[in-house]
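Values quoted throughout were computed directly from the atomic coordinates according to the rules given, and no laboratory measurement underlies them. All figures in this text were calculated on a predicted structure; none of them were measured in a lab. Glycine gets a Cβ as well: all are built from the backbone with ideal geometry, and neighbour counts include every protein chain shown.
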Amino acid sequence: MSEMINPYCSPKKLGLAMFTLQKDPDYDFNIIAFWTPGGGVVYSATDSGCSCPSPFEDYEYADLKEFQQAMERVESFSTAKEKISTWKENIYDLIDRPKIGDLQELKKMFVPDALLIGQTRYLKFN
């Protein structure tokens, strides 16, 4: 049986670069994450919970192919910004953040020849 890999905890093991936005945790977490295996292909998911479970613990995959089959693909940077806006609507203390400048690393994920694999960028907001 192969090892199951959490893309949030170990994106590099799946050959992914990751970008996340998250509410600064107290006793809970609320995260939107974007992953890319390169080539301008981007996937996304959200997760939230109390401090007991690990983020994205229900998202575990044996390999990149299984990850790609299960995850939602994000077609463009504009679609990613829409997903972030929807996610923010559920978090009362992120009224005007993140700023577009904060999202430049995310925008790079949609560039087909960007060399990002293994990179991780976390943005936390109070």
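Which ordering of ASP102, ASP28 is given by a fewest-first count of other beta-carbon atoms within 10 Å?
ASP28, ASP102
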Got a sec? How would VAL41, VAL74 order by Cβ neighbour count within 10 Å, fewest to most?
VAL41, VAL74
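When the dipole is taken about the Cα centre of the stretch 12-76, and only Lys, Arg (+1) and Asp, Glu (-1) are charged at their Cβ, what size is it in debye, to the nearest 20?
Numbers: 5 positive and 11 negative charges, 67 e Å.
I would put it at about 320 debye.
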